[in-house]
Amino acid sequence: MGEMIEFAGLDGQGLKGYLAAAGQGRPGVVVLQEWWGLNAQIKGVADRFATAGYNALVPDLYKGRVTRDPDEANHLMNGLDFPGATRQDIRGAVRRLKAMGGKVGVMGYCMGGALTIAAAVHVPEVDAAVCLYGIPPAAFAAPGNIRVPFQGHFANQDTWCTPAAVDELEAAMRAAGQAPEIFRYDAAHAFCNETRPEVYNAAFAAQAWERMLGFFTTHLR
């Protein structure tokens, strides 16, 4: 459904991403990858958003690199310039979708979930954010500094984005006077990724998707 395009970062540099278009004047969603890169699975998420009526753009944060090996994925993630990715790639993607008309939300999984929170803090054009099992260091993007409608989906069996970390995120947001929607699932990390049968939970993934679509309908349409 979609295609690779070029768009400009905040500083004008040429960036690439996968665009699944629903049409001019439609709201947009920037989709942020897991640590594997811009692979077929995350392109499929963008395609689903386009089918639901949203222009969806996945910025290629790894500049063409994709892997299925966890060690290499960890290396790629640790080598990513998170502030640069947030302020250049993600903000550029948000601005690209804004140019197509309508409000723009950001969502992502795992590493992309952490970057979603970063975008909600540092990208002023973002209108709403949905994070799926990812939290950045508070020193970079403190949850209390989020100023847009926020929804989070987290796994109770997650050993990386732990329930305790989720408790801290929610407490920080509520202490700042915010009202985040937080959902917890009795599942493992990456339970929404249908290409990973060892952790995928179809029922919870469907529930999270419908909740996210409802949230974006409320805040982007």
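Would you say E194 is without any contact (Cβ under 8 Å) to a residue 24 or more places away in the chain and among the charged types (D, E, K, R)? So E194 fails the test. Out of V126, V148, V106, one residue alone is in a strand (DSSP E or B), out of contact with any Pro (no Cβ under 8 Å at 6 or more places or on another chain) and either touching a residue at least 12 places away in the same chain (Cβ under 8 Å) or farther than 15 Å from I90 by Cα (or both). It is V106.
Among residues of the stretch 71-82 that are in contact (Cβ under 8 Å) with a residue 40 or more places away in the chain, those with a Cβ under 6 angstrom from a residue that is surrounded by 14 or more Cβ atoms within 10 Å (Cβ to Cβ) and part of a helix (DSSP H, G or I), sequence gap 6+ or separate chain, pair up as M77/M111.
Going through the stretch 127-145 one residue at a time, which ones are among the aliphatic types (A, V, I, L, M) and either in contact with a His (Cβ under 9 Å, 6 or more places away or on another chain) or buried (at least 24 other Cβ atoms within 10 Å of the Cβ) (or both)? Outline the logic, then answer.
Of the residues in the stretch 127-145, the ones among the aliphatic types (A, V, I, L, M) are 128-130, 132, 135, 138-139, 141-142.
Scanning the stretch 127-145 gives A128, A129, V130, L132, A141.
Note on the stretch 1-48: among residues that are of a type in the set (F, W, Y) and in contact (Cβ under 8 Å) with a residue 60 or more places away in the chain, the one that is surrounded by the most Cβ atoms within 10 Å (Cβ to Cβ) is W35. Quick check on the stretch 147-185: of everything there that is of a type in the set (D, E, K, R) and in contact with a Phe, Trp or Tyr (Cβ under 8 Å, 6 or more places away or on another chain), which residue is surrounded by the most Cβ atoms within 10 Å (Cβ to Cβ)? Across the stretch 147-185, the extreme among qualifying residues is D158.
Values in this text are rule-based calculations from the coordinates and carry no lab data. Since this is a predicted model, take the numbers as computed values, not measurements. Here Cβ is always computed from backbone atoms with ideal geometry, including for glycine, and neighbour counts include all displayed protein chains.
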